[in-house]
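Remarks on the structure that follows.
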Amino acid sequence: MGKMPNWADAVLVPVISLLLAAILSALVILAIGEDPLAALQLMVKGALGSSYGWGYTLYYTTNFIFTGLAVAVAFHARLFNIGGEGQAMLGGLGVALACLYIPWPHWALALVGATATAALLGAAWTLLPAYLQARRGSHIVITTIMFNFIASALLNYLLVNVMRPKGSMDPATAKFAEATHLPTLHDMLAPLGIAFSKSAPANISLVIAVLACGAVWVLIWRTRLGYEIRAFGHSEPAAHYAGINATRITVATMLISGGLAGMMAINTTMGEAERLVLNSVEGAGFIGIAVALMGRSHPAGVLLAALLFGFLYQGGAELALWTNIPRELIVVIQALVILFTGALDNMVRMPLERLFTPRKPSIKKG
Amino acid sequence: MTPAIELQGISKAFGPVHANKDIALRVLPGTIHGIIGENGAGKSTLMSILYGFYRADAGEIRIHGTPVTLSDSQAAIAAGIGMVFQHFKLVENFTVLENVILGAEDGRLLRPSLAKARKELRALAEDYGLNVDPDACIEDLGVGFQQRVEILKALYRKADILILDEPTGVLTPAEADQLFRILRRLRDEGKTIILITHKLREIMEITDTVSVMRRGQMTATLPTASTNPEDLAERMVGRKVLLRIEKAPAQPGATVLDVQNLCLQDATGVARLKSVSLSVRAGEILGIAGVAGNGQSELLQVLSGMRPAQGQVWLNGQPIDIATPRADARTRRALGIGHVPEDRQREGLIMQFSAWENSVFGYHHDSGWQRYGMMQNAAIRQAAAAQMHRFDVRPPNPALEARHFSGGNQQKLVVAREIERHPQLLLIGQPTRGVDIGAIEFIHQQIMALRDQGTAILLVSVELDEILSLSDRIAVMFDGQIMGERAADATDERELGLLMAGMAPAGGA
């Protein structure tokens with residue numbers, strides 16, 4: 001393995017990947033006869049140019065922090081949790097159950113309760129895949145992605161047949177009670193004299209997300225469980241030698257991962273929609289994979305990557321709204337960013353590593 | 001006489017690391033030339049250059065006086081160079097004949113090639129005493145015979161210069177003797193042989209001339225007759241080395257480990273341990289000798305809690321659970337059983353963890369290293385720094401990742417961690433595999449000091465020299481069984497060698 005300075009690994013690789021994605025996106029925009037510079041300006045203005053834009057950017061960011069952390073925690077145990085989508089859906093169910101059936105006296109209590117139920121159900125959704133991986137060797141990528149479909153079908157059934165209020169045509173639950181409505185950034189910043197857009201959905205969940213980043217950092221680098229998770233992720237035989245129980249670590253890691261993915265629902269379901277709707281996750285579970293990859297599975301990196309993807313989401317929406325660039329192309333641009341920062345990571349990393357370190361013999365020395 | 005191989009000014013750098021620096025070497029035809037040096041001294045790089053794996057940055061290679069460019073192994077073969085690797089490159093479920101012609105077929109149809117090879121193999125067998133059944137499947141052959149197939153492969157390709165990389169690592173002493181007999185015969189028939197090894201004894205026994213490599217340079221080339229092991233060791237390391245550890249007689253105390261009828265079957269139902277019984281007392285070292293793969297690894301895995309098995313095990317007279325999955329390595333450590341695993345890179349260390357994180361690996365539940373589930377990183381870091389100082393780990397930097405230490409220093413990290421716990425029983429597997437001579441000396445001294453403090457030690461090693469120099473008693477394993485047990489001062493390599501080959505000498509257990 002080459003040895004690259006940490007700063008190059010953490011900063012240079014993602015920045016170069018991002019530039020490559022941007023260049024390619026610019027070419028695509030040029031090819032359909034639009035002006036890439038104008039498009040970039042529009043994206044920046046739409047996502048960051050107003051408190052309304054920021055409000056949406058931060059709202060998406062909050063989602064991506066949760067799902068990004070979920071994937072990152074699992075990565076540390078070398079588990080690929082691709083089921084953030086399904087776990088977040090179940091999280092939504094947890095939020096709905098807490099908000100609909102418990103008469104909360106105050107939003108703060110409701111937030112704590114709903115966070116707990118969201119995490120609980122999200123975590124529960126990983127239990128079977130984790131157990132099957134640990135004891136039966138069923139690959140977690142396959143099982144978690146299949147559980148996405150099961151989650152989707154389950155939510156479909158519940159929202160259409162069970163939780164839909166009588167007489168409603170909409171596959172969604174009833175609106176949550178007033179006492180469970182979370183303060184938005186507008187509400188929170190007003191006492192500080194900062195005027196923030198009233199109609200943007202960013203809410204107090206953002207604070208929970210940032211706290212979760214801190215908690216994950218402590219978990220991974222300061223706790224015994226995190227030590228065991230990392231040891232297990234780096235080398236299973238060594239973990240076995242040290243007496244680290246593979247089943248316990250696999251299940252514990254996946255529960256934490258699923259819990260984090262589930263917590264995303266406090267932002268979407270409780271903070272924004274204030275009821276549970278069909279497809280409330282909107283692909284954030286999958287974006288989490290790119291966020292974790294780009295963030296090097298480090299909470300700080302996840303935070304930054306989530307912000308970038310929040311920007312791309314909101315900027316992309318603005319682009320679709322104000323230009324002739326079709327909605328599909330926005331997805332192409334987002335996909336390019338995911339491709340370069342996530343999947344093609346090694347394309348940038350390996351030449352860089354070679355640049356920083358001289359070649360080493362590939363044949364074992366005897 | 002024109003040398004068979006002549007190297008002039010060979011240099012090869014991997015970035016800032018000069019693996020080979022201005023190497024000159026002359027090997028006369030019809031001789032056996034040894035190349036000896038520590039790990040990382042550049043032996044393998046040099047041989048890789050000679051076999052066309054690497055291209056030298058500078059220098060000239062002459063084969064029988066003709067300058068050659070060895071751009072790949074095909075070119076090396078064409079120049080008459082054959083290589084026998086440490087890890088054989090044979091197709092397990094092919095016959096000897098099929099393996100020999102593999103890559104050297106004469107045409108699209110196999111039959112003529114096979115017929116031709118059969119005739120040539122017969123001739124080679126007659127010329128050099130290399131008898132192998134051409135129709136035997138590789139997987140049915142012993143390691144010694146597999147090695148012969150590798151030599152035959154080289155000879156079939158008309159090699160007249162043969163390079164052998166650590167050829168005796170996997171052989172019993174008897175098999176090694178046979179190999180040496182073959183090598184002598186090859187030499188007498190005019191072949192030139194280069195033998196790479198780290199075993200001084202082999203150099204002395206079989207080579208005509210020897211070159212010593214140190215830090216990428218050829219520090220000496222001398223006739224073997226004019227040197228001795230101590231001299232060679234000093235040239236390898238650059239300082240005087242104690243080759244044989246001085247040990248006081250053991251003062252064995254009460255029985256610490258008692259194993260009765262230990263049996264283990266692997267996943268495919270093959271018996272790996274067949275009713276193994278042994279005991280180790282406080283303050284003594286029981287050495288387990290044997291060729292790799294005869295159940296020693298499994299014995300360590302079972303005793304250290306990494307693998308459940310059937311049978312009875314007592315520690316200090318208390319029976320311990322070895323059969324249920326609950327009997328894991330953690331509970332075994334809690335009982336006072338330390339374990340230096342055979343493979344430090346795969347098991348003993350997390351290569352991506354820093355040295356200080358590794359210093360508590362397996363003991364991270366201890367109250368000193370964690371409280372309420374939070375790791376006490378500052379305390380661990382401090383203790384690790386002190387420990388690395390005591391064990392002379394270089395560089396003494398606890399923040400450095402384990403993978404950036406040399407093999408010897410990695411092993412010191414593992415040994416330090418396990419020894420400084422002062423276990424009741426220490427299980428050690430291959431304590432000095434791939435470790436340079438200077439570090440071997442140090443690790444042996446530490447093991448001996450632990451014995452003298454009253455720890456019971458079970459030592460597994462495939463290096464017979466190591467077993468003989470450290471152990472108080474020696475048990476030999478073959479095919480999952482203990483073939484016999486001897487007091488270390490009442491046996492010799494010859495007797496142990498017979499036991500290692502599965503032959504019970506008269507009067508043996």
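A few comments on the model shown:
- The condition (being at pLDDT 95 or above and among the charged types (D, E, K, R)) is satisfied by just one residue among B:E401, B:E342, B:E418: B:E418.
- In the range B:355-367, the count of residues that are more than 9 Å from chain A (Cβ to nearest Cβ) and free of Cβ contacts under 8 Å to residues at least 12 places away in the same chain is one or more.
- Considering residues of the range A:213-238 that are more than 9 Å from chain B (Cβ to nearest Cβ) and closer than 17 Å to B:G373 by Cβ only, the residue surrounded by the fewest Cβ atoms within 10 Å (Cβ to Cβ): A:G214
- Subset of the range A:239-253 (residues that are part of a loop (DSSP other than H, G, I, E, B) and either away from every other protein chain (no Cβ under 14 Å) or in contact with a Lys or Arg (Cβ under 6 Å, 6 or more places away or on another chain) (or both)): A:G243
- From the list B:E347, B:E342, the lone residue that is surrounded by 16 or more Cβ atoms within 10 Å (Cβ to Cβ), within 13 Å of another protein chain (Cβ to nearest Cβ) and assigned to a helix (DSSP H, G or I) is B:E347.
- If you filter the range A:4-60 down to residues that are within 14 Å of chain B (Cβ to nearest Cβ) and closer than 16 Å to A:D345 by Cα, you find that the one that is least open to solvent (accessible area, probe 1.4 Å) is A:M4.
- Highlighted here are the helices (runs of 4 or more DSSP H) found entirely within the range A:254-366 that include at least 2 residues which are modelled with pLDDT of 85 or more and away from chain B (no Cβ under 14 Å): A:284-294, A:299-322.
- Candidate set from the range B:358-396 (those that are in a loop (DSSP other than H, G, I, E, B) and of a type in the set (S, T, N, Q)); member that is least open to solvent (accessible area, probe 1.4 Å): B:S359
- Flag for B:V313 being touching a strand residue (DSSP E or B) at 6+ places or on another chain (Cβ under 7 Å), within 14 Å of chain A (Cβ to nearest Cβ), crowded, with 17+ Cβ neighbours inside 10 Å and among the aliphatic types (A, V, I, L, M): no
- Reported count of residues in the range A:178-212, each being over 25 Å from A:Y101 (Cβ atoms) and surrounded by fewer than 22 Cβ atoms within 10 Å (Cβ to Cβ), is 18.
- Candidates are the residues of the range B:1-30 that are in a loop (DSSP other than H, G, I, E, B) and open to solvent by less than 30 Å² (accessible area, probe 1.4 Å); the one that is nearest to the other protein chains (Cβ to nearest Cβ) is B:A4.
- Among the candidates B:Q301, B:Q296, residue that is at pLDDT 90 or above, within 14 Å of another protein chain (Cβ to nearest Cβ) and open to solvent by less than 60 Å² (accessible area, probe 1.4 Å): B:Q301
- Unmet criterion (only one of (1) part of a loop (DSSP other than H, G, I, E, B); (2) under 22 Å from B:S461 (Cα atoms); (3) away from chain A (no Cβ under 14 Å)) for B:Q147: (1)
- Count of the range B:207-237 residues which are in contact (Cβ under 8 Å) with a residue 24 or more places away in the chain and either touching a His at 6+ places or on another chain (Cβ under 8 Å) or surrounded by 14 or more Cβ atoms within 10 Å (Cβ to Cβ) (or both): 19
- The set of residues in the range B:404-442 being in contact with a Phe, Trp or Tyr (Cβ under 9 Å, 6 or more places away or on another chain), in a helix (DSSP H, G or I) and open to solvent by 30 Å² or more (accessible area, probe 1.4 Å) consists of B:F442 alone.
- Within this structure, B:L278 passes the test of being over 22 Å from A:H240 (Cα atoms), surrounded by 13 or more Cβ atoms within 10 Å (Cβ to Cβ) and in contact with a strand residue (DSSP E or B) (Cβ under 9 Å, 6 or more places away or on another chain).
- For the range B:320-336, the tally of residues that are assigned to a helix (DSSP H, G or I) and open to solvent by 40 Å² or more (accessible area, probe 1.4 Å) stands at 3.
- Annotation: of all residues in the range B:137-170 being open to solvent by 20 Å² or more (accessible area, probe 1.4 Å) and among the hydrophobic types (A, V, I, L, M, F, W, C), the one that is farthest from the chain's Cα centre (by Cα) is B:C137.
- With respect to the conditions (1) within 28 Å of A:H240 (Cβ to Cβ); (2) open to solvent by 10 Å² or more (accessible area, probe 1.4 Å); (3) of a type in the set (A, V, I, L, M), A:A119 lacks only one, and its number is (1).
The values are calculated or read from the model by the stated rules, or taken from the named source; none is laboratory data. Every value quoted in this text rests on a predicted model; they were computed, and no experiment measured them. Cβ sites come from the backbone with ideal geometry, for glycine too, and all protein chains shown count toward neighbours. Just so you know, the surface numbers come from the protein's heavy atoms only, side chains and all, with ligands and any DNA or RNA stripped out. Shrake-Rupley method; radii C 1.70, N 1.55, O 1.52, S 1.80 Å.
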